[in-house]
Amino acid sequence: MFESTEVWKRQYELLVCEFLFDGFAEFMNNSDDKKEEDQIFVVYDEKETEYAHLLSNLINQSSKFYVIELTEKMFLDNAKTLPGRSKIIFLGNTKSTKTRSTKVKYNHNILGMRYGWFNDHCFINTESLKAKERDSFIKYYCDGVKKYEGMLEKYEKRTGSKKGEFAAAAAVGGGAAVGVVLVAPLLAPLLFGAIPGAGAFAINKLFGYMKNISDLAECQYRLLLIEFVSNGLNEFMEQ
């Protein structure tokens, strides 16, 4: 009798877990340039898979550390088998976050974007913007465009991303009517190639586009991940 699709799916999940917790360490021991202390587990809810992949790519491309992604279910099923003192990043407001973040001190907490850690557990999550915070966030985002431009250009080169493709892939849902395909790239140095001119003109243009976006949650998340990798990752890994 042929097994159902659901059974095959569970078999695959089990195989991945067995490799991570039984075979991965042995595999990594055969690598000269990977160390256990450079390993980070990223735990996420399936609805935030895109952000988990983005965080992993940013870490892998911008640091010596390497990431193993685990859905929350995989983490809960196998938490007791993780190596001692494992560095774990909990992404989003998952059940795991709620039970482990009661003592966390958020090192960065601004405009609904926050990250912080307690011992070997780091927490990265967002909250919805209040109406009175929208303009402040858009300005903060535009400042981030200028601040992280160099980092993002390096990211593009390493990943082989093209500006137009990357911007399109990162478009905010429902924003096409106002040309948001230009607004929600990883961050917006990418749109300097699409908006005529650069510098102050392009930033002003971006500000105008973003004021027409009803939901800025994706922009919050992308900026937050970049700020964490740029300003918080090394401190978390060293403490």
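A few remarks follow.
- All positions within the range 52-64 that are modelled with pLDDT of 90 or more and touching a helix residue (DSSP H, G or I) at 6+ places or on another chain (Cβ under 7 Å): L55, I59
- Sole exception among (1) outside any helix (DSSP H, G or I); (2) at pLDDT below 90; (3) acidic (D, E) for E69, by number: (2)
- Selected residue (criterion: modelled with the highest pLDDT) from residues of the range 193-202 that are surrounded by fewer than 21 Cβ atoms within 10 Å (Cβ to Cβ) and touching a helix residue (DSSP H, G or I) at 6+ places or on another chain (Cβ under 9 Å): G199
- Residues located in the range 37-66, provided they are over 11 Å from the mean Cα position of the chain (by Cα), part of a helix (DSSP H, G or I) and either crowded, with 19+ Cβ neighbours inside 10 Å or among the charged types (D, E, K, R) (or both): E37, D38, E46, K47
- Extreme residue, farthest from the chain's Cα centre (by Cα), among residues of the range 83-97 that are under 19 Å from I59 (Cα atoms) and assigned to a loop (DSSP other than H, G, I, E, B): S86
The values are calculated or read from the model by the stated rules, or taken from the named source; none is laboratory data. The structure displayed is predicted, hence computed values, not measured ones. No Cβ is skipped: glycine too gets one built from the backbone with ideal geometry, and neighbour counts run over all protein chains shown.
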